[in-house]
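Presented below is the structure to which this report refers.
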Number of protein chains: 4
Amino acid sequence: METFNITIRANYADTDQMGFVHHANYAKYLEFARWELFRSLGLTYKSIEEEGILIPVIDMQFRFIKPIFYDDLIRISLKMQLIGSTRLLIKYQIFKDDDLLIHKAETTLAFIKKTNKRPCRIPDNIRSLFEN
Amino acid sequence: METFNITIRANYADTDQMGFVHHANYAKYLEFARWELFRSLGLTYKSIEEEGILIPVIDMQFRFIKPIFYDDLIRISLKMQLIGSTRLLIKYQIFKDDDLLIHKAETTLAFIKKTNKRPCRIPDNIRSLFEN
Amino acid sequence: METFNITIRANYADTDQMGFVHHANYAKYLEFARWELFRSLGLTYKSIEEEGILIPVIDMQFRFIKPIFYDDLIRISLKMQLIGSTRLLIKYQIFKDDDLLIHKAETTLAFIKKTNKRPCRIPDNIRSLFEN
Amino acid sequence: METFNITIRANYADTDQMGFVHHANYAKYLEFARWELFRSLGLTYKSIEEEGILIPVIDMQFRFIKPIFYDDLIRISLKMQLIGSTRLLIKYQIFKDDDLLIHKAETTLAFIKKTNKRPCRIPDNIRSLFEN
């Protein structure tokens with residue numbers, strides 16, 4: 001699957017008194033980015049939940065290289081791959097000023113059923129996204 | 001109903017680059033305080049939701065007098081009253097250094113059914129909290 | 001001053017277990033909207049802070065009419081007016097599906113000096129935004 | 001250094017529409033826990049910042065084993081160690097119902113000067129905390 005890029009702007013409420021975007025908020029930026037990737041492929045996370053599937057994060061890793069400041073325009077570049085039949089690995093890089101790498105992250109997500117919260121196989125409509 | 005008091009500490013993640021607790025986070029502090037008031041009366045908000053009732057905020061007003069800083073110990077003082085058969089009004093004051101009033105707020109909450117999200121009468125076990 | 005409109009999408013992290021956008025997050029949406037209004041007028045809040053002025057919220061009021069759900073595209077419509085020589089009043093309406101009014105809010109902001117945190121007169125470059 | 005334990009309660013605002021505490025909020029819980037560890041040793045993070053040192057997170061890793069639900073009382077168990085002369089590694093475990101391990105995490109923090117945001121040696125008063 002190709003790399004997907006999305007640009008977002010850092011909000012004031014995301015900063016802390018260090019003057020940087022607080023580290024907890026990176027997880028929100030990455031979440032937003034991955035569901036925009038899904039949307040770009042024609043499938044929204046909202047519709048996935050409506051069909052009874054949840055995709056929580058089960059593992060995440062962050063490497064902070066340079067801070068994000070208020071009002072910065074940052075580009076999140078991301079790539080997904082399936083892991084077996086029930087998991088999804090996403091790798092992220094965040095860039096500023098075009099090409100300055102300021103952050104790297106990885107998240108592993110599991111597919112679970114809304115009803116019993118048990119792991120389930122990745123639905124075919126999601127699996128097929130990865131086959132093109 | 002008597003005034004209830006609860007003390008909380010401002011977390012780092014709640015600050016913004018002004019060096020104050022960000023104004024959006026006051027709504028979280030007040031929410032925490034009102035459900036602790038309920039707990040002190042022997043009823044948890046969790047158990048209310050489990051019985052099929054939600055109590056969302058439908059109106060809120062905030063008056064910021066002096067800022068809250070990181071690591072401040074603040075005392076939230078609150079009082080509740082029922083409004084008719086489906087609403088609850090809560091008034092809050094936040095104090096620092098014992099008696100310095102730094103914030104005033106009011107929230108109106110509505111009782112709704114989880115199933116259809118329609119307004120409903122306040123359940124008797126909640127109503128009875130107000131009769132002592 | 002004319003009404004300014006901006007559209008934003010509700011993020012997953014903004015929801016709570018009621019299935020609605022948590023009420024605290026509205027304050028973040030409104031903050032984002034007002035600084036985008038400033039940007040549209042050619043002045044960023046970031047540059048205002050860099051010149052030594054902060055504009056904290058000193059009063060805010062919210063009226064929740066209908067909930068915002070995950071992934072909703074909402075339009076925030078806002079209007080500003082100066083209040084005397086040191087304050088700014090902003091009125092907001094949030095719409096969904098074009099014309100459905102789901103939220104109303106007002107925030108009052110005060111101009112203060114970064115150095116001493118004391119109220120100050122609204123700088124001329126900001127005042128002039130309101131004279132067209 | 002001995003293991004430090006602190007118990008916190010999951011707030012409603014921390015949940016998302018999955019009905020779990022949103023994964024971004026774990027970073028806030030861990031931050032709270034590590035500064036409470038510092039407080040227990042007689043040094044507050046607030047006082048460290050006041051002396052001109054910031055301690056941002058430069059690396060963090062999370063392993064989600066079981067969800068945290070609203071109103072859960074969770075115990076965060078943590079251990080710190082110095083890494084060279086400028087970094088601090090903290091390992092966290094989160095338990096529910098006494099002994100049920102539901103989360104594991106690690107954060108690496110760097111000591112930097114507030115004035116120039118450059119790495120600096122760990123101050124002696126912090127270093128000495130680790131020598132007992």
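At-a-glance table
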item: Hits in segment D:43-100 - residues which are free of Cβ contacts under 8 Å to residues at least 12 places away in the same chain and surrounded by 15 or more Cβ atoms within 10 Å (Cβ to Cβ); result: D:Thr44, D:Tyr45, D:Lys46
item: Hits in segment B:41-72 (condition: of a type in the set (S, T, N, Q) and on the phi > 0 side of the Ramachandran plot); result: none
item: Selection within segment A:4-18 - more than 9 Å from chain D (Cβ to nearest Cβ) and either free of Cβ contacts under 8 Å to residues at least 60 places away in the same chain or hydrophobic (A, V, I, L, M, F, W, C) (or both); result: A:Phe4, A:Ile6, A:Ile8, A:Ala10, A:Asn11, A:Tyr12, A:Ala13, A:Asp14, A:Thr15, A:Asp16
item: Output for segment C:14-30, where each listed residue is closer than 16 Å to B:Phe62 by Cα and among the hydrophobic types (A, V, I, L, M, F, W, C); result: C:Ala24, C:Ala27, C:Leu30
item: Subset of segment B:66-110 that is in contact with a Lys or Arg (Cβ under 7 Å, 6 or more places away or on another chain) and either of a type in the set (S, T, N, Q) or outside any strand (DSSP E or B) (or both) - its residue that is nearest to the other protein chains (Cβ to nearest Cβ); result: B:Asp71
item: Among (1) closer than 20 Å to A:Met1 by Cβ; (2) within 14 Å of chain C (Cβ to nearest Cβ), the one test that A:Arg127 misses; result: (2)
item: Within segment B:31-42, considering residues that are farther than 16 Å from D:Thr15 by Cα and in contact with a strand residue (DSSP E or B) (Cβ under 8 Å, 6 or more places away or on another chain), the one surrounded by the fewest Cβ atoms within 10 Å (Cβ to Cβ); result: B:Ser40
item: Subset of segment C:55-107 that is β-branched (Val, Ile, Thr) and out of contact with any Phe, Trp or Tyr (no Cβ under 8 Å at 6 or more places or on another chain) - its residue that is nearest to C:Ser40 (Cα to Cα); result: C:Ile90
item: Sole residue being closer than 25 Å to A:His23 by Cα and among the aliphatic types (A, V, I, L, M), chosen from A:Ile90, A:Ile122; result: A:Ile90
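Each reported figure results from applying straightforward, stated rules to the coordinates on display, with no laboratory input. All figures in this text were calculated on a predicted structure; none of them were measured in a lab. Glycine also receives a Cβ, built like all others from the backbone with ideal geometry; neighbour counts cover every protein chain displayed.
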